1. Check off (1) modelled with pLDDT under 90; (2) open to solvent by 30 Å² or more (accessible area, probe 1.4 Å) for A82 and give me the number that stays unchecked.
2. One residue is enough: does the range 42-58 have a residue meeting the conditions within 14 Å of G94 (Cα to Cα) and hydroxyl-bearing (S, T, Y)?
3. Based on what the data block shows, is V34 buried (at least 18 other Cβ atoms within 10 Å of the Cβ) and not small (G, A, S)?
4. Please verify whether the range 141-148 includes one or more residues that are assigned to a loop (DSSP other than H, G, I, E, B), of a type in the set (A, V, I, L, M, F, W, C), modelled with pLDDT under 80 and farther than 21 Å from P46 by Cβ.
5. I'm trying to understand the selection: among the residues of the range 69-79, which are touching a residue at least 12 places away in the same chain (Cβ under 8 Å) and open to solvent by 20 Å² or more (accessible area, probe 1.4 Å)?
6. For residues in the range 85-127 being among the aromatic types (F, W, Y) and surrounded by 12 or more Cβ atoms within 10 Å (Cβ to Cβ), which is modelled with the lowest pLDDT?
7. What residue, among those in the range 6-43 that are over 19 Å from A98 (Cβ atoms) and of a type in the set (A, V, I, L, M), is modelled with the highest pLDDT?
8. Name the residues in the range 37-68 that are surrounded by 20 or more Cβ atoms within 10 Å (Cβ to Cβ) and aliphatic (A, V, I, L, M), would you?
Amino acid sequence: MKLILPASAGLGRPWTLVFDGMCTMCGRLARLLVTWDRQCEIEVVPSQAAGVMARFPWIPASAYSQAIQLIGPGGQTWQGAAAVEQLLDMLPRGRWIAWIFSIPFVRTIADRVYRWVARNRYHRGCGEHCQSRPLDVECHAQTVAPPPALSSTQRAQAPPPAPW
């Protein structure tokens, strides 16, 4: 029997990666990361898991919808391209790619590319959730839940969208 702990409990691993669990592309990349983490040093948690915001109170709620968050020992936090660089550097399979960040200007370019992909992920393999998500998401309360997904029957019965 597998014991399922809330995100607030943690797994005792030195690193935690928080990603958008509603994003299909993000989920695929998180699963890849789990296979690369052969020493089980990284806990991978969707940002929608109960207790995430309470566990990492220094990270603003809006940051979770903008970029991945990597929290290291002592609470040091990286986000976006900086988190990707840190992950690549610490994972055995990532080290053969991580050297690229030592090239001048690559960090700046990687940051811009990361922000562009994050902003446009609803066009790049993300699920229905991202297609209906506003570009600038700001969460003001932890109790806000996403609207329930419509079934195919409900979508078929829904009125057509307004023409404007």
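The values are calculated or read from the model by the stated rules, or taken from the named source; none is laboratory data. None of the values given here were measured: they were computed from a predicted structure. Neighbour counts are summed over all protein chains in view; Cβ atoms, including those assigned to glycine, are modelled from backbone coordinates with ideal geometry. What goes into the accessible areas is simple: the full protein's heavy atoms, side chains included, and nothing from ligands, DNA or RNA. Shrake-Rupley method; radii C 1.70, N 1.55, O 1.52, S 1.80 Å.
1. The number of the failed condition is (1).
2. No, every residue in the range 42-58 fails to be within 14 Å of G94 (Cα to Cα) and hydroxyl-bearing (S, T, Y).
3. Details: buried (at least 18 other Cβ atoms within 10 Å of the Cβ): no; not small (G, A, S): yes.
No.
4. Filtering the range 141-148 for residues assigned to a loop (DSSP other than H, G, I, E, B) gives 141-148.
After this cut, where a residue has to be of a type in the set (A, V, I, L, M, F, W, C) as well, the list is 141, 144-145.
With the extra rule that they be modelled with pLDDT under 80, the set shrinks to 141, 144-145.
Narrowing further to those that are farther than 21 Å from P46 by Cβ: none.
No, every residue in the range 141-148 fails to be assigned to a loop (DSSP other than H, G, I, E, B), of a type in the set (A, V, I, L, M, F, W, C), modelled with pLDDT under 80 and farther than 21 Å from P46 by Cβ.
5. Of the range 69-79, the ones touching a residue at least 12 places away in the same chain (Cβ under 8 Å) are 69-73, 75, 77, 79.
Listed by number, the residues that qualify are P73, G75, T77, Q79.
6. By that ranking, first place goes to Y122.
7. That would be V18.
8. I42, V44, V45, V52, A67, I68
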